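Inspection log for the structure reproduced underneath, given as structure tokens.
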Amino acid sequence: MSALIARLADGVAQVPAVQWDACAGNANPFVSHAFLTLLEDSGSVGGRSGWQPIPILVDGADGTPAAIAPAYAKAHSQGEYVFDHAWADAWERAGGRYYPKLQIATPFTPVPGPRLLLRDETAAPALIAAIEAVTDQHQLSSAHATFITPAEIPLFEAAGWLIRQGTQFHWTNAGYTTFDDFLADLASRKRKAIRKERAAAIEGLTIRHLTGSDLTEAHWDAFWIFYQDTGSRKWGTPYLTRRFFSLLGEAMADKVLLVLAERDGRPIAGALNMIGADTLYGRYWGATEEVPFLHFELCYYQAIDVAIALGLTTVEAGAQGEHKLARGYAPVPTFSAHYLPDPGFKRAVSDFLEREREAVAADREFLDTMTPFRRCQ
């Protein structure tokens with residue numbers, strides 16, 4: 001490990017794409033050089049966004065990155081989906097300064113995926129040590145790696161980081177070849193309810209799937225209206241800029257699936273998905289016309305249709321949303337890792353997390369009983 005050298009870059013765009021993707025792999029589009037660079041080039045991060053990209057790299061003996069962390073200096077806790085506002089309040093009431101902090105994540109994207117991007121797996125401890133060094137040397141309150149993979153948990157635990165659990169709702173493909181195959185696994189009452197929802201949602205509408213060269217600026221103009229409406233209601237100010245969507249269509253069109261609902265040729269609603277190696281990721285949705293059940297149709301049922309057609313194993317439909325349970329999405333654990341240099345602060349958060357883990361696990365166990373699947377007698 002003595003041959004490894006850690007350094008900071010001024011942004012993902014400053015790292016050659018071939019070197020970044022050699023560490024990130026190609027399974028998860030949200031840690032790719034293309035996606036993270038889009039966020040920078042579109043002005044969605046950097047500037048006054050409160051997300052300052054400072055990727056941390058550990059170079060191997062050959063002088064190229066053996067490991068990378070997609071790191072951001074954060075001036076707030078917005079756009080993370082792992083909520084630490086209470087930690088910030090407690091630390092500042094105790095006389096500390098919580099912001100800036102260090103965030104290892106894909107901005108605005110509650111999608112589990114690797115946060116330690118490793119070309120050389122033996123470089124993981126050095127990368128975690130580098131993250132800690134950046135936190136300590138810049139006198140930051142903390143470092144947070146959010147939506148880490150289960151495989152990364154032992155790496156962070158070995159370094160003494162605290163592990164936090166959350167819950168999302170994912171759909172799993174149990175070898176289905178059609179949507180009706182999926183419905184056959186559900187209780188009769190739930191099966192009938194979903195069929196009624198789908199029929200009501202699409203009455204009088206045309207549903208279109210757009211990807212690759214089919215995507216045009218006119219489609220992005222329509223979706224931008226949908227995104228702004230949803231973003232303003234959820235976050236106050238939408239996180240992404242209009243330019244982001246144009247750049248996404250230019251650089252990653254083959255990874256994009258845009259599902260549009262049209263009435264008389266005019267888009268009235270849309271759902272944006274990203275296609276991974278084995279997962280369809282639902283990201284954003286919006287509408288200009290209120291249609292009962294259309295949200296469920298575009299975001300959940302159409303996603304299942306596509307996953308089955310593409311042979312994907314999973315649909316991840318974003319953060320939160322217990323209404324997903326009735327649509328066949330089951331509760332699954334998510335994980336984050338937290339480095340708190342101050343011993344007293346770490347003890348307090350550790351005690352909180354121990355209690356929270358028990359509550360989250362109990363809640364997930366209860367939620368699992370609410371899925372629509374037939375129960376064994």
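The values are calculated or read from the model by the stated rules, or taken from the named source; none is laboratory data. Note that the structure is predicted; figures quoted are calculated from it, not measured. All Cβ positions, even for glycine, are placed from backbone atoms using ideal geometry, and neighbour counts span all protein chains on display. Heads up: the accessible areas ignore ligands, DNA and RNA and are worked out on the full protein's heavy atoms, side chains in. Shrake-Rupley method; radii C 1.70, N 1.55, O 1.52, S 1.80 Å.
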Exactly one condition in (1) within 25 Å of ALA218 (Cβ to Cβ); (2) of a type in the set (S, T, N, Q); (3) open to solvent by 10 Å² or more (accessible area, probe 1.4 Å) is not met by ASN273; state its number.
(3)
Of everything in segment 1-13 that's out of contact with any helix residue (DSSP H, G or I) (no Cβ under 8 Å at 6 or more places or on another chain) and in contact (Cβ under 8 Å) with a residue 24 or more places away in the chain, which residue is surrounded by the most Cβ atoms within 10 Å (Cβ to Cβ)?
ALA9
Any idea how many residues of segment 89-131 are over 15 Å from the mean Cα position of the chain (by Cα), touching a residue at least 12 places away in the same chain (Cβ under 8 Å) and not in a loop (DSSP other than H, G, I, E, B)?
16
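Against the definition (in a strand (DSSP E or B), open to solvent by less than 50 Å² (accessible area, probe 1.4 Å) and hydroxyl-bearing (Ser, Thr, Tyr)), how does TYR72 come out, yes or no?
Working: in a strand (DSSP E or B): yes; open to solvent by less than 50 Å² (accessible area, probe 1.4 Å): yes; hydroxyl-bearing (Ser, Thr, Tyr): yes.
Taking the combined requirement at face value, the residue satisfies it.
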Just wondering, is there one or more residues in segment 39-46 that are open to solvent by 10 Å² or more (accessible area, probe 1.4 Å) and in a helix (DSSP H, G or I)?
yes
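Output the number of residues of segment 276-298 satisfying the condition of being open to solvent by 20 Å² or more (accessible area, probe 1.4 Å) and of a type outside the set (Lys, Arg). Spell out how you get there, then give the answer.
Kept after step one, since they are open to solvent by 20 Å² or more (accessible area, probe 1.4 Å), are these residues of segment 276-298: 277-278, 283-285, 287-293, 295-296.
After this cut, where a residue has to be of a type outside the set (Lys, Arg) as well, the list is 277-278, 284-285, 287-293, 295-296.
Counting residues in segment 276-298 that are open to solvent by 20 Å² or more (accessible area, probe 1.4 Å) and of a type outside the set (Lys, Arg) gives 13.
From the set of residues in segment 14-29 that are polar (S, T, N, Q) and in a loop (DSSP other than H, G, I, E, B), which is least open to solvent (accessible area, probe 1.4 Å)? Spell out the reasoning first.
Of all residues in segment 14-29, those polar (S, T, N, Q) come to 14, 19, 26, 28.
Those still in the list that are in a loop (DSSP other than H, G, I, E, B) too: 26, 28.
Working: ASN26: 127, ASN28: 14 Å².
Among them, the one singled out is ASN28.
In segment 136-181, which residue that is among the β-branched types (Val, Ile, Thr) and in a strand (DSSP E or B) is most open to solvent (accessible area, probe 1.4 Å)? Spell out the reasoning first.
First, pick out the residues of segment 136-181 that are among the β-branched types (Val, Ile, Thr): 146, 148-149, 153, 163, 167, 172, 177-178.
Now drop any that are not in a strand (DSSP E or B), which leaves 146, 148, 163, 167, 172.
Numbers: THR146: 4, ILE148: 3, ILE163: 21, THR167: 36, THR172: 87 Å².
The qualifying residue most open to solvent (accessible area, probe 1.4 Å) is THR172.
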Scan segment 226-247 and give yes if some residue there is open to solvent by 10 Å² or more (accessible area, probe 1.4 Å), closer than 25 Å to ALA34 by Cα and without any contact (Cβ under 8 Å) to a residue 12 or more places away in the chain, otherwise no.
yes
Every residue in segment 55-69 that is crowded, with 23+ Cβ neighbours inside 10 Å and part of a loop (DSSP other than H, G, I, E, B), please.
PRO55
Extreme residue, most open to solvent (accessible area, probe 1.4 Å), among residues of segment 248-270 that are under 15 Å from ASP214 (Cα atoms) and without any contact (Cβ under 8 Å) to a residue 40 or more places away in the chain
GLU250
Filter segment 117-135 down to residues that are under 24 Å from ALA90 (Cα atoms) and either buried (at least 21 other Cβ atoms within 10 Å of the Cβ) or not hydrophobic (A, V, I, L, M, F, W, C) (or both), then give me how many there are.
3
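Assess whether LEU102 counts as being surrounded by fewer than 22 Cβ atoms within 10 Å (Cβ to Cβ) and not β-branched (Val, Ile, Thr). Lay out the reasoning, then the answer.
Values: surrounded by fewer than 22 Cβ atoms within 10 Å (Cβ to Cβ): no; not β-branched (Val, Ile, Thr): yes.
So LEU102 does not fit the description; no.
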